[in-house]
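Take a look at the structure below.
All of the numbers you see were taken from the coordinates with simple rules; none came from a lab. Here the structure is a predicted model, which is why all the values come from computation and not from measurement. Quick reminder, even Gly has a Cβ in these numbers, built from the backbone with ideal geometry, and neighbours come from all protein chains shown.
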Amino acid sequence: MYLSNQPNSVAGGLEISKLNQNTGAQTYLVPAGVNLNTYQYVFIHCKPFNVPFGRAQLN
């Protein structure tokens with residue numbers, strides 16, 4: 001899981017967690033000191049293959 005300001009990339013973003021599971025509802029804690037207002041997107045991203053699986057815009 002990454003936070004990013006790029007609509008198609010995690011470059012320059014912040015890794016916040018590994019994916020807990022690949023199905024179902026999930027909840028993730030944002031690390032202390034991270035201001036969500038400074039990021040526009042959250043990504044599910046495969047780090048070993050450098051491939052995004054999905055993203056959502058933060059509102």
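If you go through region 41-49 one residue at a time, do you hit one that is on the phi > 0 side of the Ramachandran plot, exposed (fewer than 10 other Cβ atoms within 10 Å of the Cβ) and of a type outside the set (D, E, K, R)?
Step one: list which residues in region 41-49 are on the phi > 0 side of the Ramachandran plot, which gives none.
No, region 41-49 has no match at all.
Looking at 43, 49, 53, which one is free of Cβ contacts under 8 Å to residues at least 12 places away in the same chain and in contact with a strand residue (DSSP E or B) (Cβ under 7 Å, 6 or more places away or on another chain)?
Values: 43 fails: free of Cβ contacts under 8 Å to residues at least 12 places away in the same chain; 49 fails: in contact with a strand residue (DSSP E or B) (Cβ under 7 Å, 6 or more places away or on another chain).
Answer to the selection: 53.
Consider region 6-26. How many of its residues are part of a loop (DSSP other than H, G, I, E, B) and in contact with a Phe, Trp or Tyr (Cβ under 6 Å, 6 or more places away or on another chain)?
Residues of region 6-26 that are part of a loop (DSSP other than H, G, I, E, B), as a first pass: 6-13, 16-26.
After this cut, where a residue has to be in contact with a Phe, Trp or Tyr (Cβ under 6 Å, 6 or more places away or on another chain) as well, the list is 10, 13, 17.
Summing the residues that are part of a loop (DSSP other than H, G, I, E, B) and in contact with a Phe, Trp or Tyr (Cβ under 6 Å, 6 or more places away or on another chain) in region 6-26 gives 3.
Which residues, counting only those in region 1-34, are over 16 Å from residue 56 (Cα atoms) and in contact (Cβ under 8 Å) with a residue 24 or more places away in the chain?
Hit for region 1-34 is 34, nothing else.
Can you name the residue in region 1-33 that is out of contact with any Leu (no Cβ under 7 Å at 6 or more places or on another chain) and among the β-branched types (Val, Ile, Thr) and, of all such residues, is surrounded by the most Cβ atoms within 10 Å (Cβ to Cβ)? First the steps, then the outcome.
To start, the set of residues in region 1-33 that are out of contact with any Leu (no Cβ under 7 Å at 6 or more places or on another chain) comprises 4-12, 15, 17-29, 31-33.
Now narrow it down to the ones that are among the β-branched types (Val, Ile, Thr): 10, 23, 27.
Numbers: 10: 22, 23: 5, 27: 5.
Out of the qualifying residues, it is 10.
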